[in-house]
Amino acid sequence: MGDPAMTEHLGGPESVEKLVERQTRYERLAESGQGRMLKIVDVDSGASVGSVGYWEKTWRDEQIYEIGWMVLPAFQGRGIAGAATAQAIALARADGKRRFLHAFPSVENVASNAICRKLGFTLLGECEFEFPVGNVMRCNDWRLDLEA
Ligand SMILES: CC(C)(COP(=O)(O)OP(=O)(O)OC[C@H]1O[C@@H](n2cnc3c(N)ncnc32)[C@H](O)[C@@H]1OP(=O)(O)O)[C@@H](O)C(=O)NCCC(=O)NCCS
């Protein structure tokens, strides 16, 4: 979230203060019982290559899970985000707390929209979405029914 290339579709790089705040929030997510932020690790080398996580959110008067993912540039284009997101979805489903899982990629984020399509999300339509706080983007609202 501090890198210009990685945040092209996410409102641009965040300041060091924001990154520290975000990291603290991520580390507390599991103990709050409101989701999980997971590190994606390359099994062969042990390298940390990205993250995927889900968290509770109120969306159109409903309590849902939102999911998001990131893979470092050197590891992109190998199916890692798709595979890791499939595993995170399995965890969200096992939690059994929320029926619907949404993803809100920018309409211009080709790779993320491809991941949603591939993993069985349904495209509900376009929406305005604020991420991070203060940055309004045109996004697709993709939804997966965890109970289906
Ligand atoms: C989005 C992101 C996680 C994709 O990671 P990745 O590991 O390269 O994704 P995958 O290899 O699993 O590819 C997913 C799909 O996107 C396609 N794809 C990947 N990179 C692409 C690109 N630059 N342009 C077009 N399609 C692309 C792949 O072909 C694949 O589709 P397919 O399975 O139908 O072939 C990565 O680009 C990223 O971290 N971007 C910056 C952060 C970000 O935008 N996060 C998403 C917020 S919603």
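The values are calculated or read from the model by the stated rules, or taken from the named source; none is laboratory data. All values reported here derive from a predicted model rather than from experimental measurement. Cβ atoms come from the backbone with ideal geometry, glycine included; neighbour counts cover every protein chain shown. Side chains included, ligands, DNA and RNA excluded: accessible areas come from the protein's heavy atoms. Shrake-Rupley method; radii C 1.70, N 1.55, O 1.52, S 1.80 Å.
Quick notes on this structure:
- Single residue of region 123-143 satisfying the filter (among the hydrophobic types (A, V, I, L, M, F, W, C) and farther than 13 Å from TRP59 by Cβ) that is least open to solvent (accessible area, probe 1.4 Å): MET137
- Within region 91-115, being of a type in the set (A, V, I, L, M), assigned to a helix (DSSP H, G or I) and open to solvent by less than 50 Å² (accessible area, probe 1.4 Å) holds for ALA92, ALA114, ILE115.
- Some residue of region 64-73 being within 12 Å of the ligand (Cβ to nearest atom), in contact (Cβ under 8 Å) with a residue 24 or more places away in the chain and exposed (fewer than 12 other Cβ atoms within 10 Å of the Cβ): yes
- Where a residue in region 90-114 is β-branched (Val, Ile, Thr) and its partner, wherever it lies, is assigned to a strand (DSSP E or B) and open to solvent by 30 Å² or more (accessible area, probe 1.4 Å), with Cβ under 8 Å and at least six apart: VAL107/GLU126; VAL107/ARG138
- Search result, residues across region 2-24 that are charged (D, E, K, R), open to solvent by 70 Å² or more (accessible area, probe 1.4 Å) and not in a helix (DSSP H, G or I): GLU8
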